[in-house]
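All remarks here apply to the structure that follows.
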Amino acid sequence: MIEVIIKSPACDESIEFLDRICEKTLMQAGFEDWRSISFAVHEIIINGIEATKQKCNENSSDKVITLKIYAKEDEVEIHVEDEGDGMDKGRLDKVNEMDFEDVLGDESGRGLLMVKHFVDKIWCEIGAKHSVKIQKRRGRNNE
Ligand SMILES: Nc1ncnc2c1ncn2[C@@H]1O[C@H](COP(=O)(O)OP(=O)(O)O)[C@@H](O)[C@H]1O
Ligand SMILES: [Mg+2]
């Protein structure tokens, strides 16, 4: 079991740092599909930073984005917490019903669809902070 929890300022400069941590952790834990999982997490981190910026008129560097990685024997769970207003209720339900054809001409909405494609489960929770969570089982390749 490898557990990593990182808090970083909710600004663009954190994206690459968090991406690298995610990649290294998944590699260290022996997840062969670390690339596709990290890509999914990258999309979720960008969304979290965007949502935080929107909430505080771009002055988001005093806000944090939190990445939590729980790499277990049979699966990895990754949580990305942000300080934005949270995802619309039903947004993820919509994503779960959509296919790539549905978003070809759309300005937004492709990111979460790709995330869905690469992981086994995506859901969000509003606790102390808004959090988007994914789970990917080891060995079953979604690529
Ligand atoms: N962490 C988040 N907080 C608030 N809204 C979010 C979050 N993540 C996603 N969303 C909402 O879901 C929409 C779709 O996200 P996505 O599929 O990544 O497309 P895009 O980022 O191109 O808009 C976003 O436009 C946003 O409205
Ligand atoms: Mg996005």
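Listed conditions (1) over 16 Å from the mean Cα position of the chain (by Cα); (2) away from ligand 1 (no atom under 12 Å from the Cβ); (3) under 17 Å from residue 121 (Cα atoms) are all met by residue 94, apart from (2). Search the range 1-26 for residues that are free of Cβ contacts under 8 Å to residues at least 40 places away in the same chain and pair each with any residue that is in a strand (DSSP E or B) when their beta-carbon atoms are under 8 Å apart and the residues are at least 6 apart or on different chains. Going by the 8 Å Cβ cut-off, the qualifying pairs are 17/8. Of the residues 104, 67, 112, the single one that is more than 10 Å from ligand 1 (Cβ to nearest atom) and modelled with pLDDT of 90 or more is 67.
Highlighted here are the strands (runs of 3 or more DSSP E) found entirely within the range 26-143 that include at least 2 residues which are of a type in the set (Val, Ile, Thr) and within 16 Å of residue 4 (Cβ to Cβ): 64-71, 75-82.
Kindly establish whether residue 39 is touching a residue at least 60 places away in the same chain (Cβ under 8 Å) and among the aromatic types (Phe, Trp, Tyr). If you could, list the steps in order and put the result at the bottom.
Working: touching a residue at least 60 places away in the same chain (Cβ under 8 Å): yes; among the aromatic types (Phe, Trp, Tyr): yes.
Yes.
Only residues that are over 22 Å from residue 73 (Cβ atoms) and out of contact with any Leu (no Cβ under 8 Å at 6 or more places or on another chain): list them for the range 8-41, please.
The initial filter retains those residues of the range 8-41 that are over 22 Å from residue 73 (Cβ atoms), namely 8-20, 39.
Within the range 8-41, 9, 10, 11, 12, 13, 14, 15, 16, 17, 19, 20, 39 meet the criteria.
The values are calculated or read from the model by the stated rules, or taken from the named source; none is laboratory data. The structure displayed is predicted, hence computed values, not measured ones. Glycine gets a Cβ as well: all are built from the backbone with ideal geometry, and neighbour counts include every protein chain shown.
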